[in-house]
Amino acid sequence: MSGILGISPRLFRLSAIVVLLHGIAAVCTEYVFQVEGFAFGLFYTFLQCFTFAVLALLKSVVSGGLRLNSWAIRGPVLAGLSMTVSHGAGILSYLEVNYTTAMIFKSAKVPSVVLGGRWINKNQTMSHEMFWAICMMIGLLLFGLGDGLESARFTGFGLVLIAINLAGSTLTANLQQKVLQSPVPCSVQSMMLVQYAAASAVLLLYIASTTELSSAIIWYLDNSSAFFYTMLDNLLTYIGLEAVMRITKDFDATRANVVCSGRKAITFLFSYWFFPKPFGPFHALGLLLTLVGGWNLQRVKWNAESVAACQLQSRFSLFVAT
């Protein structure tokens, strides 16, 4: 098994898609949340989930890849409900905590996803994996500490929302792996369609019961540029999410979340370029630890798979020879 700098070539290609598209999409999100008068985090989440469900349906119809059996519905629905709580809390946190800080803390879920994988998917976890996962988490926390010291928008309620996002993301990521890697076939498009349809339905019921739905529609009608960047964010994020799902299906939830966390480096570059803000020593050290931890975690997993493949091939060759 050959790799690119110790990482699977397919994983490397899929990761590049996530890094580039989600990096640009994050700038669109940050722009919308900084427009005067915007206070519609749950509507933003609903619009995003609804767009993802529609795009998944269209792609499934065109490609003929829509296969819905009982497990292909039940599993994604559970993931969608978990994601509704997680993603909704994460989006709302942007209103309480500086955008970059919220994004960083939300990325500190890699160790919890690793541990959650042992419980939900019975994954074997090596000490090296947990070490590098903890390095990523420490790096992310240091970056968040730097922003907390230098940002005026940093509330305790925002941190509670981020904690809910971390817990929900751990459950969602491992449920996605369980569905996509189950013996019963479930395509990526089918998974995304059911998951985001369930999430958008729940969110619509909630915002329709409040004034947020009508208020958000009126606000967007008065801010056409914000609507354009919202939809551009949704499109780019959807393409990147397909790549994340394929990483989850072909590899595991841990590596998918490592990519999602590591891609923040590009997001930071774009964010600090388009929206100038303080950048201190905690930011620099945190960013370095995050990148080093994420890269080495990917390498540990790839090397372990390479060794396992070589051992399997050796056993097969011995069997044939005897």
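The values are calculated or read from the model by the stated rules, or taken from the named source; none is laboratory data. Small disclaimer: the values here were computed from a predicted structure and weren't measured. A quick note on method: Cβ atoms are made from the backbone with ideal geometry, for glycine too, and the neighbour counts reach across all protein chains shown.
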Kindly indicate the residue of segment 146-173 that is modelled with pLDDT of 65 or more and closer than 20 Å to residue 289 by Cα and also surrounded by the most Cβ atoms within 10 Å (Cβ to Cβ) among those meeting that condition.
146
Output the number of the condition that residue 314 fails; it satisfies all remaining conditions of (1) of a type in the set (Ser, Thr, Tyr); (2) crowded, with 21+ Cβ neighbours inside 10 Å; (3) at pLDDT below 65.
(2)
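One line per residue, one yes/no per condition, for (1) in contact with a helix residue (DSSP H, G or I) (Cβ under 6 Å, 6 or more places away or on another chain); (2) outside any helix (DSSP H, G or I); (3) at pLDDT below 80; (4) polar (S, T, N, Q):
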site: 13; (1), (2), (3), (4): no, no, no, no
site: 18; (1), (2), (3), (4): yes, no, no, no
site: 32; (1), (2), (3), (4): yes, no, no, no
site: 39; (1), (2), (3), (4): no, yes, no, no
site: 67; (1), (2), (3), (4): yes, yes, yes, no
site: 76; (1), (2), (3), (4): yes, no, yes, no
site: 83; (1), (2), (3), (4): yes, no, yes, no
site: 92; (1), (2), (3), (4): yes, no, yes, no
Identify, by number, the condition in (1) surrounded by fewer than 20 Cβ atoms within 10 Å (Cβ to Cβ); (2) modelled with pLDDT of 80 or more; (3) within 24 Å of residue 231 (Cβ to Cβ) that residue 23 doesn't meet.
(1)
